[in-house]
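Coordinate-derived values only; no laboratory data. None of the values given here were measured: they were computed from a predicted structure. Here the Cβ is made from the backbone with ideal geometry for all residues, glycine too, and neighbour counts use every protein chain on show.
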Amino acid sequence: MKNDELIAAIGVIAEPVRIQILKIIASHGQMCAKDILPAFNITQPTLSHHMAVLEECGVVLVKREGRCVYYSLNKSTFLAINEFFRVFMEEPSAREEDVKPAKKSPAKEAAAKDDSVKDKKKKDKSDKGDKKKKDKKKKK
């Protein structure tokens, strides 16, 4: 999975009802929607919506058998999410060159450039003023 897909999946999972749905499915391995619904104080259409969102981002797998829809966790998605977060559990590197400074946002870069231009203009004006003073002193 790509990072943006993982981040989207993490965002979908980070909803309280969906977390509970996933916990219930994980504890049973595979569940039919009609067996998940009694655990919540929500309507069947609301549960269907949550399940569709979880399916769409690849968090759950769906298997249809007749009128029943069975859901199970997509373990490959959870393994990818786990790998994505693994970096936070690693020991920090001892070498400074491994750490790259964060890039400035385009807006901050533009503001810094504007400030630099303003500073240059002020310096130019100051230099011109100094030159005029010197010229006046020479004439006297």
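For the range 55-94: of the residues being among the aromatic types (Phe, Trp, Tyr), assigned to a helix (DSSP H, G or I) and surrounded by 15 or more Cβ atoms within 10 Å (Cβ to Cβ), which is farthest from the chain's Cα centre (by Cα)? Reasoning before the result, please.
Step one: of the range 55-94, the residues among the aromatic types (Phe, Trp, Tyr) are 70-71, 78, 84-85, 88.
With assigned to a helix (DSSP H, G or I) added as a condition, the list becomes 78, 84-85, 88.
Filter once more, so that each one left must be surrounded by 15 or more Cβ atoms within 10 Å (Cβ to Cβ): 78, 84.
Numbers: 78: 16, 84: 11 Å.
So, considering only residues that are among the aromatic types (Phe, Trp, Tyr), assigned to a helix (DSSP H, G or I) and surrounded by 15 or more Cβ atoms within 10 Å (Cβ to Cβ), the one farthest from the chain's Cα centre (by Cα) is 78.
Okay, residues lined up against (1) farther than 23 Å from residue 8 by Cβ; (2) touching a helix residue (DSSP H, G or I) at 6+ places or on another chain (Cβ under 9 Å):
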residue: 38; (1), (2): yes, no
residue: 49; (1), (2): no, no
residue: 53; (1), (2): no, yes
residue: 64; (1), (2): yes, no
